[in-house]
1. Name the residues in region 15-69 that are of a type in the set (S, T, N, Q), at pLDDT below 85 and more than 19 Å from residue 124 (Cβ to Cβ), would you?
2. Might you let me know whether region 200-210 holds any residue that is closer than 30 Å to residue 256 by Cβ and either without any contact (Cβ under 8 Å) to a residue 24 or more places away in the chain or assigned to a loop (DSSP other than H, G, I, E, B) (or both)?
3. In region 251-270, which residues are part of a helix (DSSP H, G or I) and closer than 18 Å to residue 116 by Cβ?
4. Filter region 131-149 down to residues that are surrounded by fewer than 21 Cβ atoms within 10 Å (Cβ to Cβ) and in a strand (DSSP E or B), then give me how many there are.
5. Please indicate, with yes or no, whether at least one residue in region 237-249 is in contact with a strand residue (DSSP E or B) (Cβ under 7 Å, 6 or more places away or on another chain) and assigned by TED's automatic domain parsing to the domain that holds residue 179.
6. Report whether or not residue 128 is surrounded by fewer than 16 Cβ atoms within 10 Å (Cβ to Cβ), out of contact with any Lys or Arg (no Cβ under 6 Å at 6 or more places or on another chain), touching a residue at least 60 places away in the same chain (Cβ under 8 Å) and under 21 Å from residue 297 (Cα atoms).
7. Return only the number of the condition from (1) buried (at least 16 other Cβ atoms within 10 Å of the Cβ); (2) farther than 29 Å from residue 60 by Cβ that residue 185 does not satisfy.
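The values are calculated or read from the model by the stated rules, or taken from the named source; none is laboratory data. All values derive from a computational prediction rather than experimental measurement. No Cβ is skipped: glycine too gets one built from the backbone with ideal geometry, and neighbour counts run over all protein chains shown.
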Amino acid sequence: MPLPPTILRDVTSTAEPKPSQLKTIIGLDIGGSKTRGILWRNGEVIADRQTGSANVQNVSVDEATENLRQLFQLFPEATVDQVFAGSGGIDTEADAEALAALIRPNLPGVPVTVVHDTRLLLAAGHARTGVAVIAGTGSAAWGVNDEGGQARAGGWGYLLGDEGSGYWFGRQAVRHSLHRMNLNLAPDTLTEALLKACELREPGELIAHFHSGTTRRYWAALSPLVFDAAAAGHRESQQMIEQAGKDLAALAAQVAHQIGVTGPIVLGSGLGMHQPPLQETFKKYLAEDGFSEVRVLDQDPIFGVLDLAAQAVGSVGR
């Protein structure tokens, strides 16, 4: 059964934007930890704002709705021609419509285009074809070839996947600490840093803390502890980074093989863009699989909105 297509069109209206209309646009990058919005006019950033996550895989519908409302209120008054939103969890038409329905009341009558956030990432890498790999709070890979064929790997959410993500690193740090506790070993460098960050005294307290309402965002925010420990020579942390890079590379390679492309493979999102040890491991495993055209995104994925807007204008103009 083929994978569902990424939604790259206005899922809320049959009225297509005309080229002359796409002068003022709002782009949204809805991540597991935050929602970022930018208002552009003729390609110039007018406002860049941020609120909490509006991804209903991470927060309630009510919280997502409120975070979007707050975000749109932060923008100056403007006549907006189009909204482009990228988010994880956009796997079907129904997913796209559900997110569009949350956005629509903030700008009644304005067309809304909803895409999976990997699509934003690839566009931000100025690539129309290739593979995008997200390594942020969660993880996923998506790609498209010259014929429009698409494939995806991962992106199933933290209960089923998210290997190599910020949340995965946070959870692995907890598991490592609890394993040492079970072996009657004293807290090591990573465990001590984790306990301090969580304001806990004993490793055993991590169990209740983990299950007591802490969020994916909370644990993902602790992922730098693993990289700090690895830099200080902590072997188990180095092994975690090695495994994460291998898993992310496997997602990318799976998609590339499915759609028959050799690149580019673009790694992005918070963890992927800002942790060189993860980047190097990712590249190493892809090179072993024959992929040499690997890029690390040099701008935030939300700036892919400008490329998507240009594609939308081009498709209407043809």
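1. Within region 15-69, 20, 21, 57, 58 meet the criteria.
2. Taking every residue of region 200-210 in turn, none turns out to be closer than 30 Å to residue 256 by Cβ and either without any contact (Cβ under 8 Å) to a residue 24 or more places away in the chain or assigned to a loop (DSSP other than H, G, I, E, B) (or both).
3. 251, 252, 254, 255, 256, 258, 259, 269, 270
4. 0
5. Yes: one or more hits.
6. yes
7. (1)
A quick yes/no check of all residues on (1) acidic (Asp, Glu); (2) within 18 Å of the chain's Cα centre (by Cα); (3) surrounded by fewer than 18 Cβ atoms within 10 Å (Cβ to Cβ):
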| residue | (1), (2), (3) |
| --- | --- |
| 235 | no, no, yes |
| 240 | no, no, no |
| 251 | no, yes, no |
| 256 | no, no, no |
| 260 | no, no, yes |
| 267 | no, yes, no |
| 274 | no, yes, yes |
| 308 | no, yes, no |
| 311 | no, no, yes |
